[in-house]
Amino acid sequence: MLNSQKVRELAPEMDPLRMGMGWKVNDLSKPQVIVESTFGDSHPGSAHLLGLVEAAVKGINNSGAKAARYFATDICDGMSQGHDGINYSLASRDSICNLIEIHANATTFDSGVFVTSCDKGVPAHLMAIGRINIPSVVVTGGVMGAGPDLLTLEQIGAYSAMQQRGEITDEKLTYYKQNACPGCGSCSFMGTASTMQIMAEALGLMIPGSALLPAACEDLKKMAYEAGVKAAALATKGITARDIVTMSSFENAIKVHAAISGSTNSLLHIPAIAHEFGYYIDMDTFDRIHANASYLLDIRPSGRWPAEYFYYAGGVPRIMEEIKEHLDLDVMTITGKTLGENLEDVKKNGYYERCDELLARTGLKRTDIIRSIDEPIGKNGTIAVLKGNLAPDGSVVKHSAVPKEMHYAVLKAKPFDCEEDAIAAVIHRDIKPGDAVIIRYEGPKGSGMPEMFYTTEAISSDEELGKSIALLTDGRFSGASRGPAIGHISPEAAEGGPIALVEEDDLIEIDIKNRILRIIGVKGKKLSAEEIDDILEERKAKWQPKEPKYKSGILKIFSEHAVSPMKGGYME
């Protein structure tokens, strides 16, 4: 008996309540499918999702099941930037996950379609799918187009910094702001939203080829309808999400992440998703896989092209085809077929031909966007995990976005206890070449782990500073961030980690090749490792924790219960 029907027998009020909202008698005995989404007038990544929800509902209802729509609207990291709103970003992921758990389990459903697009919405849905463990199909809302002259949103932070320095006019900045987002979908660069859409398909939970389609294309609604049909079929087969997603699925996804130069925020999200599926992924897993991976995708912010071009070049199937020899092709997917079988089907169903038609309009070749495995952009992945006495538990850097001049450097520390003070110092040129800008007390327990996007943009927009300083933080970065930025430093300052003990003009060694981040001197003078250990021990004895920033509400709860970024920053 279906779970939904078992609950009907236990809850006599279920039938009359459903009929009260228009259900027919024969609907009551059908397989029940939840359609959960982040639809809402919250931002371009979610404002268009209702059309995909309705397409999925139609697919479900036409397949002999009954759909029920639920909504857990997300927030926009872009709209949250530059003020305290960004502190809610990571906490919102867990809140959405919790709400979906409540929706799915308070009534009970036999399968689900999960419709979402953006930074926290996609990982939240994937976490919830692992937690509730029902047959599940994901639909992502695609990507917006680029503006005039291929203008994309991640450039606005740099233009804003240039305007503040007097390098461009107010009118020019206003033009950029009014033309950077020409429509709905996730932002058109390989930020966290685009990355996590791709991760959902790489895990085997989407119709093959459906991740990161242009939001305005008709194929997207067709994919949503097909997802509804598939969810109705899965409801009666009892094949749950955990039956499909295995540790091999996660390793496949990380290999795809390396190939696309995915957002560093994925190193928070993938471990948190794996945790809900019953697996443990540490940062060493990412480092191991990235160290030997080919980087293929020439998409912003690390590359040249907007993210809508990803689909034109063949999307996730093309990436997987290029790195096929490194993937476990025997993992199962929601199609009922293995990954290897899906890739063969894609070759036969006209998918690549449709992509080629769109690609022809750009005047580019496929290999201008997705390189061949034989001629990659890079061969050592895009992410590195650095450790040392400044980050005993680890830190994260997207080295593909770091100027070669900064892959090894010894810099003088300039510590700040919040981002606002740091960005002011950068904008007003108080930061000089050879400095290490340190922003601390911005980890999960400090302030919710906000992004340091505007600071990274201020640095990378300054040609001299972008090649001569680094930004180090226990916070995190936007998926749009570029330049010499090292985040997730753990333990964080709020827990008394070594980053809390750094003082002005301490010498910081960054060695990306050898995965090192450490303090090697004091007051500009190099010292032995033993001397540094003694100094840090003395400083720790004098250190006093800061008063909690939040004394009520979700951020108080989050700061008290969040685990380390190295584990995924989820609440336990």
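The values are calculated or read from the model by the stated rules, or taken from the named source; none is laboratory data. These figures come from a predicted structure and were not determined experimentally. Cβ atoms come from the backbone with ideal geometry, glycine included; neighbour counts cover every protein chain shown. Note: accessible area is taken over every heavy atom of the protein model, side chains too, but ligands, DNA and RNA are not part of it. Shrake-Rupley method; radii C 1.70, N 1.55, O 1.52, S 1.80 Å.
Data table
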read-out: Residue match in region 449-456 (condition: open to solvent by 10 Å² or more (accessible area, probe 1.4 Å) and within 22 Å of the chain's Cα centre (by Cα)); value: yes
read-out: Answer residue from region 467-499, given it is assigned to a helix (DSSP H, G or I) and open to solvent by 10 Å² or more (accessible area, probe 1.4 Å) and is nearest to H399 (Cα to Cα) among those; value: P498
read-out: Number of the condition not met by P214 [criteria: (1) touching a helix residue (DSSP H, G or I) at 6+ places or on another chain (Cβ under 7 Å); (2) free of Cβ contacts under 8 Å to residues at least 60 places away in the same chain]; value: (2)
read-out: Lone unmet requirement of (1) within 25 Å of K525 (Cα to Cα); (2) surrounded by fewer than 23 Cβ atoms within 10 Å (Cβ to Cβ); (3) out of contact with any helix residue (DSSP H, G or I) (no Cβ under 7 Å at 6 or more places or on another chain) for H428; value: (1)
read-out: Residues (loosely packed, with under 15 Cβ neighbours inside 10 Å and either of a type outside the set (D, E, K, R) or under 19 Å from E325 (Cβ atoms) (or both)) located in region 346-361; value: K347, N349, G350, A360
read-out: Every pair of residues 6+ apart whose Cβ atoms lie under 6 Å, when the first sits in region 477-488 and is within 13 Å of T195 (Cβ to Cβ) while the second is among the small types (G, A, S); value: F477/A485; F477/G487; G479/G191; G479/S263; A480/G191
read-out: Residue, farthest from N380 (Cα to Cα), within region 310-339, restricted to residues that are in a loop (DSSP other than H, G, I, E, B) and open to solvent by 40 Å² or more (accessible area, probe 1.4 Å); value: G336
read-out: Failed item, numbered, when A307 is tested on (1) in a loop (DSSP other than H, G, I, E, B); (2) open to solvent by 10 Å² or more (accessible area, probe 1.4 Å); (3) in contact with a helix residue (DSSP H, G or I) (Cβ under 7 Å, 6 or more places away or on another chain); value: (2)
read-out: Yes/no for Q81 being farther than 20 Å from A193 by Cα and surrounded by 16 or more Cβ atoms within 10 Å (Cβ to Cβ); value: no
read-out: Any hit, region 162-172, residues being of a type in the set (A, V, I, L, M) and farther than 26 Å from R354 by Cβ; value: yes
read-out: Count of residues meeting criterion [within 17 Å of T338 (Cα to Cα) and open to solvent by less than 10 Å² (accessible area, probe 1.4 Å)] in region 245-255; value: 5
read-out: Residue ID - nearest to L150 (Cα to Cα), chosen from residues in region 363-392 that are modelled with pLDDT of 95 or more and among the hydroxyl-bearing types (S, T, Y); value: T367
read-out: Unmet criterion (only one of (1) within 30 Å of K230 (Cβ to Cβ); (2) more than 18 Å from the chain's Cα centre (by Cα); (3) hydrophobic (A, V, I, L, M, F, W, C)) for I273; value: (2)
read-out: The listed residue being in contact (Cβ under 8 Å) with a residue 40 or more places away in the chain and touching a Leu at 6+ places or on another chain (Cβ under 7 Å), out of G45, G78, G59, G64; value: G78
read-out: So L296, is it hydrophobic (A, V, I, L, M, F, W, C) and within 11 Å of K567 (Cα to Cα); value: no
read-out: Residues of region 500-522 classified as in a loop (DSSP other than H, G, I, E, B) and either under 28 Å from D534 (Cβ atoms) or in contact with a Ser or Thr (Cβ under 8 Å, 6 or more places away or on another chain) (or both), total; value: 8
read-out: Breaking point among (1) among the small types (G, A, S); (2) open to solvent by 30 Å² or more (accessible area, probe 1.4 Å); (3) touching a Ser or Thr at 6+ places or on another chain (Cβ under 7 Å); (4) more than 22 Å from H269 (Cβ to Cβ), for A422; value: (2)
